[in-house]
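The values are calculated or read from the model by the stated rules, or taken from the named source; none is laboratory data. Note that the structure is a prediction, hence the values are computed from the model and not measured. Here Cβ is always computed from backbone atoms with ideal geometry, including for glycine, and neighbour counts include all displayed protein chains.
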Amino acid sequence: MEVFPQAPGLPADGQAYLNAVDSLYQSDAYHSLSIEGYRVTPELINRVRAGDWAPDRHAADRESRDALAARGYWQTFQLVLETMGRVLAGQDPSGQIRDAHRDWYRALFQASVAAGLVDPAALAGYRTEAVFLRGSRHVPPRWEAVSDAMSALFDLLEQEPEPAVRSVLGHWLFGYIHPYPDGNGRMARFVMNTMLASGGYPWTVIRVEDRDTYLAALEMASNKGDLGPFALFVAERVQRSSQQV
């Protein structure tokens, strides 16, 4: 709370807020997917967004890992906007994310399922095996503990009154638990931004140029219990977003 700007409060015009978020889609998708190693371009993102994505006619769209990821991101973004609309209308943000996050995850990989690259069973629930994070010393909890851990996370977020705290802890702990085999970083950033919206903060894009600093701050939180660098990282990006708005 020492490093975050004061929460503006829910906007008087929720639709205007959502329109502003929608206008950031290309930038957000480009940076979020690039952070995860996808090779996307603004042209690909806009083409998918416009509906010019035809895996039944174009093998490149059907087989391209990048195009499929862009399609999944677009579909998930629409669901996140719906969730955010309910939050802006005054509904409990933690409860809304608790109810919606499974749908977000399914949308993120539905295109890959349709292309036959992902087993539909993989979208049925949380992971059922161990995961290891490349380049990180953090080992997520055993898969048997994931369901209880996620329930505890949402319980704690529902009890937290400060939207800044919910945004930082929601992002970090979602990634710490790592409930899914893939897509956890994108999901954590959606959680972060929905929680930011609950306080009237602007949608905040974490840029691929900041990837090393971003991951180092998360590593510090997960392995040394020091959340300061990550809180400061998010706060600075929120302040930059506020100035741009």
Filter the range 189-206 down to residues that are of a type in the set (S, T, N, Q) and assigned to a helix (DSSP H, G or I) and give me whichever is nearest to residue 245 (Cα to Cα).
-> 193
So, of the residues in the range 80-104 that are within 17 Å of residue 174 (Cβ to Cβ) and of a type in the set (A, V, I, L, M), which turns out to be surrounded by the fewest Cβ atoms within 10 Å (Cβ to Cβ)?
-> 100
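To keep it simple, each residue is scored yes or no on (1) at pLDDT below 95; (2) surrounded by 20 or more Cβ atoms within 10 Å (Cβ to Cβ); (3) among the aliphatic types (A, V, I, L, M); (4) part of a loop (DSSP other than H, G, I, E, B).
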| position | (1), (2), (3), (4) |
| --- | --- |
| 77 | no, yes, no, no |
| 106 | no, no, no, no |
| 165 | no, no, yes, no |
| 169 | no, yes, yes, no |
| 179 | no, yes, no, yes |
| 187 | no, yes, yes, no |
Of the listed residues (144, 129), the one being surrounded by fewer than 19 Cβ atoms within 10 Å (Cβ to Cβ) and assigned to a helix (DSSP H, G or I) is 144
Select, from 17, 105, the only residue that is within 25 Å of residue 230 (Cα to Cα) and touching a Gly at 6+ places or on another chain (Cβ under 9 Å).
-> 105
Could you please give the count of residues in the range 1-42 that are loosely packed, with under 12 Cβ neighbours inside 10 Å, polar (S, T, N, Q) and modelled with pLDDT under 95?
-> 1
